[in-house]
1. Tell me, which residue of the range 107-124 that is hydrophobic (A, V, I, L, M, F, W, C) and touching a strand residue (DSSP E or B) at 6+ places or on another chain (Cβ under 7 Å) is surrounded by the most Cβ atoms within 10 Å (Cβ to Cβ)?
2. Any residue at all in the range 67-90 that is in a strand (DSSP E or B) and among the basic types (Lys, Arg)?
3. Looking only at residues in the range 85-104 that are open to solvent by less than 30 Å² (accessible area, probe 1.4 Å) and either aromatic (Phe, Trp, Tyr) or more than 18 Å from the chain's Cα centre (by Cα) (or both), which one is nearest to Leu36 (Cα to Cα)?
4. In the range 91-106, how many are in a loop (DSSP other than H, G, I, E, B) and in contact with a strand residue (DSSP E or B) (Cβ under 6 Å, 6 or more places away or on another chain)?
5. Answer yes or no: is there a residue in the range 63-71 that is under 30 Å from Ser124 (Cβ atoms) and modelled with pLDDT of 90 or more.
6. Among (1) open to solvent by less than 80 Å² (accessible area, probe 1.4 Å); (2) within 29 Å of Ala123 (Cα to Cα); (3) modelled with pLDDT of 90 or more, where does Tyr49 come up short?
7. Looking only at the range 5-25, decide whether some residue is at pLDDT below 90, closer than 25 Å to Ile120 by Cβ and assigned to a loop (DSSP other than H, G, I, E, B).
Amino acid sequence: MKKLSVFLFFVFVMPIGTVGAYPDGKAKIKHFKQPLREFSVILTNEGYYPNRMMAYVGEKVRFFVTSTKKQSECFVLQDHKVFLSAKMGEVSEGEVTFKQEGKYKFFCPSSKHKGFITVIEKASDIEEQQRKIASDESKPNYWTPRDYDE
């Protein structure tokens with residue numbers, strides 16, 4: 001009986017809720033002046049989760065940090081002015097914008113835990129650079145075979 005009521009809920013009630021969310025039937029799209037990426041970071045006895053992250057140059061990155069440990073820890077991002085406390089049951093929030101690509105370390109000096117955030121160029125920027133190189137007239141614009149037997 002319970003399975004039948006759950007099934008009926010998803011068949012009849014859920015579509016009504018989704019139709020009422022947007023009166024004109026179209027979703028509202030938010031446009032940001034600067035892209036935003038958010039990471040939730042949890043500090044445990046084993047370290048940071050996640051301990052590897054990725055972002056693009058020029059993005060605003062927002063960190064939400066908490067801990068599962070009773071003793072207070074922290075989240076310090078190398079070469080940037082981000083210092084967040086990690087306390088059990090509390091969430092700390094901080095933002096940074098990366099201006100250069102690279103590998104940035106985050107750590108806590110009181111515990112030997114560490115992780116990395118890798119910042120790379122956007123593909124569209126790289127493609128634009130490749131187009132400029134390809135349009136250079138000093139290089140041939142045709143394909144030549146390579147000798148792979150060397």
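The values are calculated or read from the model by the stated rules, or taken from the named source; none is laboratory data. The model shown is predicted, which means the values in this text are computed figures rather than measured ones. All Cβ positions, glycine included, derive from the backbone under ideal geometry; neighbour counts span all protein chains shown. Quick note on the areas: whole protein, heavy atoms, side chains included, nothing else; ligands and nucleic acids left out. Shrake-Rupley method; radii C 1.70, N 1.55, O 1.52, S 1.80 Å.
1. Ile117
2. Initially, the range 67-90 is screened for residues in a strand (DSSP E or B), giving 67, 73-77, 82-86, 88.
When the remaining residues are screened for being among the basic types (Lys, Arg), the result is none.
Within the range 67-90 (the criterion being in a strand (DSSP E or B) and among the basic types (Lys, Arg)), the answer is no, since none of the residues qualifies.
3. Step one: of the range 85-104, the residues open to solvent by less than 30 Å² (accessible area, probe 1.4 Å) are 86, 92, 94, 96, 98, 102, 104.
Checking the rest, the ones that are also either aromatic (Phe, Trp, Tyr) or more than 18 Å from the chain's Cα centre (by Cα) (or both) come to 86, 98, 104.
Working: Ala86: 22, Phe98: 11, Tyr104: 18 Å.
Filtering the range 85-104 for residues that are open to solvent by less than 30 Å² (accessible area, probe 1.4 Å) and either aromatic (Phe, Trp, Tyr) or more than 18 Å from the chain's Cα centre (by Cα) (or both), the one nearest to Leu36 (Cα to Cα) comes out as Phe98.
4. Kept after step one, since they are in a loop (DSSP other than H, G, I, E, B), are these residues of the range 91-106: 91, 98-101.
Going one step further and asking which of them are in contact with a strand residue (DSSP E or B) (Cβ under 6 Å, 6 or more places away or on another chain), we end up with 91, 98, 101.
The number of residues fulfilling the criteria is 3.
5. First, the residues of the range 63-71 that are under 30 Å from Ser124 (Cβ atoms): 63-64.
Those left that are additionally modelled with pLDDT of 90 or more: 63-64.
Checked against the condition, which is being under 30 Å from Ser124 (Cβ atoms) and modelled with pLDDT of 90 or more, the range 63-71 yields at least one hit.
6. (1)
7. Just the residues of the range 5-25 that are at pLDDT below 90, to begin with: 5-25.
This time we only want the ones that are closer than 25 Å to Ile120 by Cβ, so: none.
No, the range 5-25 has no match at all.
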